[in-house]
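Shown next, in structure tokens, is the structure this report addresses.
Read the figures in this text as sums done on the coordinates, not as results from a lab. As the structure is a computational prediction, the values presented were derived from the model and not from experiment. Virtual Cβ from ideal backbone geometry, glycine too; neighbours counted across all protein chains shown.
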Amino acid sequence: MNGSNQTSKSKHASNVMEIQRYLRRIADETGGIPRVFPDGIYGPETTQAVIEFQQAYGLPVTGVIDLDTWNALHEENERIVLLNREPLPVYIYPSKDLVVGLNNKSDVVYVIQIMLNALSDVFENIPEVKVSGIYDLPTQNAVREFQSTTSGNVTGNVDKSTWDYLTKVHNEYRNNGE
């Protein structure tokens with residue numbers, strides 16, 4: 001019986017900590033409610049934060065987490081998490097076995113050309129290319145220049161290895177500001 005009571009207390013503290021983490025995130029983002037420290041104890045600070053949350057969000061002010069308060073807390077927390085997370089990436093390279101070369105036409109080629117043009121601002125030897133979605137001779141030559149600059153295997157084609165390195169260098173360039 002004592003072990004069951006301990007499990008119940010542990011589960012309760014875990015639930016309270018989740019509520020407190022939500023309240024803290026909302027307080028940090030909006031400044032409209034007091035910040036609480038997630039300690040698993042539903043004490044006066046947590047009660048006050050719940051009261052102010054309920055007031056701010058037009059809920060009945062009880063200081064108790066009922067279903068409506070929980071749903072509002074959860075919804076506001078999710079909104080804040082989505083607002084602050086990094087955008088989702090697009091995985092466009094369709095297969096690790098794909099090799100893009102002369103006369104290929106696809107969305108992947110558009111992306112290759114866009115990345116090459118961004119890097120042409122950084123590397124003088126990489127010429128700007130027309131963004132057409134067609135892997136033409138100028139695109140192939142720009143890829144060769146990229147491969148020679150980055151000590152890659154100079155083929156003029158984009159395989160997984162070249163794609164990965166082109167993407168890595170492009171992302172580093174974009175993340176360090178233009």
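Only DSSP H runs of four or more residues enter the estimate; each adds -39500 (n - 2.57), and after division by the residues of the chain the mean residue ellipticity at 222 nm equals -19500 deg cm²/dmol.
How far, in degrees from 0 to 90, does helix 137-149 lean away from the longest principal axis of the Cα atoms of the chain, to the nearest 10? On a 0 to 90 degree scale, this one is about 70.
D for region 50-178, whole µm²/s, Stokes-Einstein with Kirkwood Rh over alpha-carbon pairs at 20 °C and 1.002 mPa s: what number?
Numbers: Rh = 17.8 Å.
After rounding, the answer is 121 µm²/s.
Distance between the pseudo-spin-label points of Ala118 and Val154 (7 Å out from Cα toward the beta carbon): 2.6 nm.
How much net charge surrounds Val154 when only the other residues with a Cβ under 14 Å from the Cβ of Val154 are counted, with Lys and Arg +1 and Asp and Glu -1? Spell out each step's value before the answer.
Details: positive: Arg144; negative: Glu145, Asp159.
For residues surrounding Val154, the net value is -1.
Among residues other than Gly31 with Cβ under 14 Å from its Cβ, the summed charge is -1 (Lys and Arg +1, Asp and Glu -1).
Region 125-141 and region 37-100 have their alpha-carbon centroids 45 Å apart. Helix 107-120 and the long axis of the chain differ in direction by around 80°, with both axes built from C-alpha atoms. Length gained on full extension, Lys105 to Val131: 8.2 nm, using 0.36 nm per residue less the C-alpha separation.
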